[in-house]
Every structure is written in C-alpha cells, then in structure tokens.
1. How far apart, in nm, are the 7 Å Cα→Cβ label points at Arg176 and Ala123?
2. Provide the solvent-accessible area of Asp55, counting protein heavy atoms only and rolling a 1.4 Å probe, rounded to the nearest 10 Å².
3. Let me cross-check Ile28: its accessible surface, 1.4 Å probe, with only protein heavy atoms counted, in Å² to the nearest 10?
4. Extending each Cα 7 Å along its Cβ direction at Ser141 and Ala87, get the distance between those two points in nm, one decimal.
5. Once the principal axes of the Cα atoms of the stretch 100-243 are found, what is the range along each, listed largest first in whole angstroms?
6. Counting only the heavy atoms of the protein chains, how much of Met23 is accessible to a 1.4 Å probe, in Å² to the nearest 10?
7. Hey, quick one: spin label on Glu238, modelled 7 Å out along Cα-Cβ, who in the stretch 95-109 has an amide N within reach, i.e. under 17 Å?
8. When only C-alpha pairs under 8 Å and at least 6 residues apart count, what is the relative contact order of the stretch 109-245, in percent?
Amino acid sequence: MRTDIFARLDREPEPPKIETPRMSRHRIALFGGTLAFYLAIVIAVLMSSWLVTLDWKVMLFRPYQQWPGIHAFLDYYVVLGQRGPTAVMVACWLGWRSWRQHTLRPLLTLGVSLLLLNATVGAVKYGLGRLGPHYATQIGSAELFAGGDIFPSGHTANAVVTWGILAYLAATPRARRYLSAMSAVVSLGVGLTTVYLGTHWLSDVVLGWAAGLLILLGLPWCEPLITRAEDWIFAARERLSARSRLVPAPPAAARDPRPVPAGPAAVGETAAQSPAREPVAAGSRQASAVTAAGGRPRAHTAPPAHQGHAVRSERTPVTPAGSRRPPHADRAPRGGTAPARPVAGG
C-alpha cells in the first residue's frame, strides 16, 4: 500500500459514470422562457421605455459615491467576471478532472460554451452599439448605435457561463445544487458591481444574466458534437501512437576505415624496421661483398638487417629520369665497384 503524498494523485482505473444532461421538457421550457425575456429586454431598450428611464435614475444616483467604503473591495471582486482570469482558473480545475477521469468532455464543454458566449454576446454588443454610462451624451436616451459595446454586459454573462459550467459538469446531484447556488451568487454580485462602479446600465446587467443562462440551458444540444470531437481526438492519438511504434529504427551507418597518420616514430624508424620497397642496384651488393672479404670498412655503411634487403642509404629510386638524390661521395656507381675510403680521424 502506497503511503507517499502523491498516492491521491493516481489516475482512477475507470472514469466515473457521469450523466450527460439532456434537453428535457423542463429544460426546453426554461430555455424558451429565458429567450422570451431576453427579447423583451432588447425591445424595451430599443423603444426607450421605462427600463431606459430606470437606467438613468440608477446612474444619476451614483452608487460609488453613496457607499465609497466598499469601492476598493468591489474593484477586485469584479475580476471574477473577467474572461481571461476566470477562464484560466476554471480550465485548470477542469483539466485536472479530465486527467483523473480519462475524458476530454470537461475541457471541450468549457471551450464550446466560451465560443458560444463570444459569438452571441459579441454579435449583439457590436450590432446595437450602445454607449456606457460614463460616455452618455443625452439624458434619457438609450445611447444605441453610437459605436459602444456594453449591451449586454460581458462581465455578467461571462460570470454566469464560467462559474455555471462547474454546476453543469458536476458528478452528483448534490454537488450540482451547491455549485448552482455558488455560480448564481457570484454572477449576481458581479453584475451589481458593474452597476455600482458605473461601467454598465442596469439593463445591460439584466440582459447579461439572460444571455449566460441561455448558453447553459442550450449546452445539451451541443453534447453530440462534443462527443464526436472527443472520439476523433482519441482516435487521432491512437493512430499517431501506432505509427510511432511501427516506424523502424534507422540502421547504424557503417564507418569507413580511416588511414592512421604517420607519427614521429614512423618517420624516424630505422632501416632494420622498415622493409625496402625499391630494387637494389647490383653495384651495391658487390661493394658489400668486397667489404666482407677483408677490405677496409666503408664510411656510412651499416650492416643490413635482413638478407636480400639494402640499407636506406644504399637504395636508388626507380625512375626513368634517374635518382632525385644529390650525388654522394661514398656511393658506388651503377654496375661497378669503388674502393673504400679510409675513415678520417685520429
């Protein structure tokens, strides 16, 4: 039994049986009601109805001036609705779950939900072009089609989707209830914080809540696509693994023998250690015979190391043009014998 601190990080042998949400009648009814509410908010703002008047009353009330003591805290709290930090935090948690459960569904579901969020919310933002409270130009106006991008609230919709995806992917009903309550509180607080700071109208926040809820309610329609994407990724990984196992290892290249360069010892070897490779002149053999018969020894004459081989100093190169060496006083001419010269000295 393992006792080290990493024992709990071992991967589970089998993934848990997580029930995939389906588009039940109850969910379809909720989706239809939320969609109707969404369209009603958009129409109310387009018609500059009482909702736009309420937006201006809240803005002119200036909550950040009424309760300045909580301003510093809410500046940090609103980060829970920013897409970058929240997506990184939730992706780290869902990535660990994917590793433990041998499935890519949590990460793929998060990716699909963020893609839908960017597409739907972004299209409405730039299509309506509403200006924020700090850039409003006329009191009582809806400030639409003026080049803005704050309707609906992206912070609020992102908080609903990012934290609500944890409840959507919960493994047990109890965890789903707790996570649903947590995501509701966080997204509600983020939306009201943007109203407090004066960065969004109240109708922006209400529409952001509806936009995020629509994405969570409609995710079961994307489950078949997520399943096919997961199967394709795993199949591609298996093909790559099988291909890497079937590729033979490259054979070792045969190395050609390299000639060993001659060192200083090879250059200065004696005549007894290196065999003669050139024919020896007949006159040299006759001079050696005269010396052996009783004549006086010649200068610069060394005894031959092997019979039939000549000393290096007695060799003559075989070339058509004759020897390339300068004439030597003690060298016997070709085809004749020369008298030995006495050695000078006392």
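1. Reported label-point gap for Arg176 and Ala123 is 2.8 nm.
2. Surface accessible to solvent at Asp55 totals approximately 0 Å².
3. For Ile28, the solvent-accessible surface is approximately 80 Å².
4. 3.3 nm
5. 67, 36, 22
6. 40 Å²
7. 102-105
8. Over the stretch 109-245, the number comes to 27 percent.
The values are calculated or read from the model by the stated rules, or taken from the named source; none is laboratory data. Quick caveat: nothing in here was measured; it's all calculated off a predicted structure. Note: ideal-geometry Cβ built from the backbone for every residue, glycine included; neighbour counts use all protein chains shown. Remember, those area values only see protein heavy atoms, side chains included, never the ligands or the DNA or RNA. Shrake-Rupley method; radii C 1.70, N 1.55, O 1.52, S 1.80 Å.
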